[in-house]
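Reading through the structure tokens given below for one structure.
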Amino acid sequence: ETGVTQSPTHLIKTRGQQVTLRCSSQSGHNTVSWYQQALGQGPQFIFQYYREEENGRGNFPPRFSGLQFPNYSSELNVNALELDDSALYLCASSLISGDGTQYFGPGTRLLVL
Amino acid sequence: TQLLEQSPQFLSIQEGENLTVYCNSSSVFSSLQWYRQEPGEGPVLLVTVVTGGEVKKLKRLTFQFGDARKDSSLHITAAQPGDTGLYLCAGRLMKTSYDKVIFGPGTSLSVIP
């Protein structure tokens, strides 16, 4: 059973640029959720994908968008980067019919200068 | 707005001491998870509790889910330096259109040798 993987591990961008983060779900999981975690805080829910469609969304602007592919891997895209977007971005996979348990990847640390 | 609170926010104790971390909400959860996170890494699942009043033990860690499924506690016996990290609770909300999980802000634990 393979765990959740994310790439890249670290990324530095400048304001106004666009970024794509990638996630490979745990084998057998059909749901992926993305979180933003600022330093010293708990993860904040961005959105969730199930069956290649956005299944739920947190309080994030439209410049945060995503995709889920048939193999359940996923992408998080952020346009027009702002300084406050600097954070650890976490991907978590789960089963839609499960007990809510999510399995997290190691995260991508994004720094916006 | 659904909120999950954790207390204390920070905890620094000597090796061998006992401690309890609390997770509280006004929302009812269908399940609740506890995670441990080290700096720059993704959260690692410790336990999932599902039934009100449920108690689960994981070596020196004891987890309890409140009878009303609105709160939970994590008790660590004889803390060790390896227990150092950020402890996060996460609750899966009931009666939502998607698999919505909210996180608390975390309790940062430091165990001093």
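The values are calculated or read from the model by the stated rules, or taken from the named source; none is laboratory data. Bear in mind the structure is a predicted one, so any value in this text is a computation, not a measurement. Neighbour counts are summed over all protein chains in view; Cβ atoms, including those assigned to glycine, are modelled from backbone coordinates with ideal geometry. Keep in mind that these areas ignore ligands, DNA and RNA; they rest on the heavy atoms of the full protein, side chains included. Shrake-Rupley method; radii C 1.70, N 1.55, O 1.52, S 1.80 Å.
Remarks
- Debye-formula intensities of the range A:1-81, expressed as log10 I(q)/I(0) at q = 0.21 Å⁻¹, are -1.06 (one equal scatterer per alpha-carbon, no solvent).
- The protein assembly as shown, accessible surface, carbon-and-sulfur percent (1.4 angstrom probe): 50
- Solvent-accessible area per residue for the range B:62-113 (1.4 angstrom probe, square angstrom): 39
- Chain B, Cα convex hull volume normalised per residue, Å³: 95
- Residue mean of other protein chain beta carbons inside 10 Å, A:91-104: 5
- Heavy atoms of A:Leu95: accessible area, 1.4 Å probe, square angstrom to 10: 70
- Radius of gyration over Kirkwood radius for the protein assembly as shown, both on Cα atoms: the Rg/Rh ratio is 0.97.
- Peptide B:40-52 has a mean shielding of 4, counted as Cβ atoms of other protein chains within 10 Å of each residue's Cβ.
- Accessible area buried at the A-B interface, both sides summed, 1.4 Å probe (Å², nearest 100): 1600
- Ranking B:Phe10, A:Phe64 from most to least accessible surface, computed with a 1.4 Å probe over the protein chains only, gives B:Phe10, A:Phe64.
- Surface listing: B:Phe29, A:Phe45 arranged by accessible area from highest to lowest gives A:Phe45, B:Phe29, probe 1.4 Å.
- Length-normalised contact order of the range A:22-113 in % [C-alpha pairs under 8 Å, at least 6 apart]: 32
- Surface per residue (accessible, 1.4 Å probe) for chain A, Å²: 47
- Per-residue 3J(HN,Hα) values for the range A:90-102, derived from phi via the Karplus relation 6.51 cos²θ - 1.76 cosθ + 1.60 with θ = phi - 60°, read 10, 10, 9, 10, 7, 9, 4, 9, x, 9, x, 5, 10 Hz in sequence order (x marks Gly and Pro).
- Directionally averaged shadow of the range A:47-98, computed from the convex hull of its alpha-carbon atoms, nm²: 4.1
- In the range B:4-97, trypsin sites (Lys or Arg not before Pro) in a DSSP loop with at most 13 other beta-carbon atoms within 10 Å: B:Lys59, B:Arg60, B:Lys95
- Remark: mean inter-chain Cβ contacts per residue of B:82-92 equal 2, using a 10 Å Cβ-Cβ cutoff to other protein chain atoms.
- For B:Glu17, distant residues with modelled amide H under 5 Å away: B:Ala79
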